[in-house]
Amino acid sequence: MSMLNGLLLADDADEQASSEAPCPTRPPLALIDLFNDAETLATLLCAQVADQHWLDAFLLAAGVQQILEDHWHRDHLGIRRAGGQFARMEGSGAHVASALAERADQFDMKVRSLMPSEANRRLCSRQLTWLVHELCRAVMHMGSVPESAVLCRQASAVRDALGTHMPCGGDIVRLPSCFRSFDQRPQDVERLAASFAEQWPERRCPLTVVGVRTSGNYLAPLGVVALQHLGYSNVIMVTIRPGWPIPAVIQTTIRHRAGAGGMFLVMDDPPATGRSLAVAVGQIRAAGVVPDERIAVLAALSADSNLPGSALGGASVVRLPWDEWDVHRQLTATQVCETVTNLLPIGVSVRRAEAIGARRRQSRP
């Protein structure tokens, strides 16, 4: 199976048709254990880039980035957990304790930001961000992609940095539900970006794509590339985890871009109640004093999704209904025949397929 429980396997053959002719020396990535640490993922990443398996390479690179960001934001002293418990209690004393815990957590992050390992993390993060975005371009066939040798050098630099300067304490990747549980595709992000462009056509507006981790680590860079392909000239991305403090550097970025009249595009899994998205929108609003009309949630909606605008405090919602998800294109008779044939031994093919019963609408597990 392909990376992350066979994510996007039906598209894997298409992804080989990038700007360069592929010359794989190994078959597509097959993993028995999906829960790997950053160093393991980075080693696998180098091989997938060398073989021009762009989709698996993108998933691996985004997974490494997710591990690094969560490791940096970890609550290693338990301050954040204690603060959350105080916040759920009643009484003025509990509220004071919660506020003190929040300040202590922020102070802890500031102290850690001054440590030598933080400079290594920032360098590795910049290398990863560049690599993830270039791999997105290859996956989505949007724009020119650097030569494989350049991408290989960058992947090797990330692997070497992780091995020598940035131990992550054995942290393992969190699998993104957007692909693992919901069968989303990069094309779904492309459609969401196009829908946003129809409603907000000003291409010079500063756009900040906010990925809600974990899935945001995968969806946000796809969103950035899709928006740039549509002509938006000033697009960046950040990631946050709802309920966790937003680092000072990201708060500064939010304030600066809000002051420039920018918009903030929030991306996460297809929502059930919208609670996580509501928390993320509230944090963005508080971090940069961002008015509601400058925040938009880009959401693919499954059958039981409930995302009322009132739950988001007035933020706009750009929706991709379930019936418009790209997975339905993958389940046409022709596509099923081609996909199953690719999984069978050479010389064996499937010539006909037909649907049995009505298509069921997907519900969130």
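The values are calculated or read from the model by the stated rules, or taken from the named source; none is laboratory data. The shown structure was predicted, so the numbers you read here are calculated from the model rather than taken from an experiment. Quick reminder, even Gly has a Cβ in these numbers, built from the backbone with ideal geometry, and neighbours come from all protein chains shown. In case anyone asks, the SASA skips ligands and DNA or RNA and just uses the protein heavy atoms, side chains included. Shrake-Rupley method; radii C 1.70, N 1.55, O 1.52, S 1.80 Å.
Test of the criteria: in region 203-302, which trypsin sites (Lys or Arg not before Pro) are in a DSSP loop and have at most 15 other Cβ atoms within 10 angstrom of their Cβ?
Here the trypsin sites (Lys or Arg not before Pro) that fit, given the DSSP loop and packing criteria, are R203, R204.
Each residue of region 220-225 in order: what ³J(HN,Hα) in whole Hz does its phi give by Karplus 6.51 cos²θ - 1.76 cosθ + 1.60, θ = phi - 60°, with x for Gly and Pro?
Calculated HN-Hα couplings, in order: 4, x, 4, x, 4, 5 Hz.
Calculate, in nm to one decimal, what R255 and V279 gain on full extension: separation in residues at 0.36 nm each, minus their alpha carbon distance.
Taking R255 through V279 to full extension adds about 6.8 nm, to one decimal.
How much accessible area per residue does region 137-213 have, in Å², with a 1.4 Å probe?
Per residue, region 137-213 has 43 Å² of solvent-accessible surface.
Under a point spin-label approximation (7 Å from Cα along Cα-to-Cβ), what is the A94-R81 distance to one decimal in nm?
Reported label-point gap for A94 and R81 is 1.9 nm.
Around I250, with a cut-off of 13 angstrom between Cβ atoms, what is the net charge of the other residues, counting Lys and Arg +1 and Asp and Glu -1?
+4
Within region 227-246, name every residue whose backbone N is under 12 Å away from a label modeled 7 Å from Cα of D171 along the Cβ vector.
Residues 241 fall inside that zone.
Calculate, for S195 and R122, the FRET efficiency according to 1/(1 + (r/R0)^6) with r their C-beta to C-beta distance and R0 35 Å; round to the nearest 0.05.
According to the calculation, E is roughly 0.55.
Quick one: net charge around V225, please, counting Lys, Arg +1 and Asp, Glu -1 for every other residue with C-beta under 11 Å from its C-beta.
Cβ neighbours under 11 Å give a net charge of -1.
Ignoring ligands, DNA and RNA, what percent of the 1.4 Å accessible area of region 179-285 is carbon and sulfur?
Summing carbon and sulfur atoms, their accessible area is 49 percent of the total for region 179-285.
For a quick check: with amide H placed at 1.01 Å from N, whose amide H comes under 5 Å from V209's, ignoring anything fewer than 5 positions away on the same chain?
Residues meeting the criterion, in which the H sits 1.01 Å from N, are I236, M237, V238, L265.
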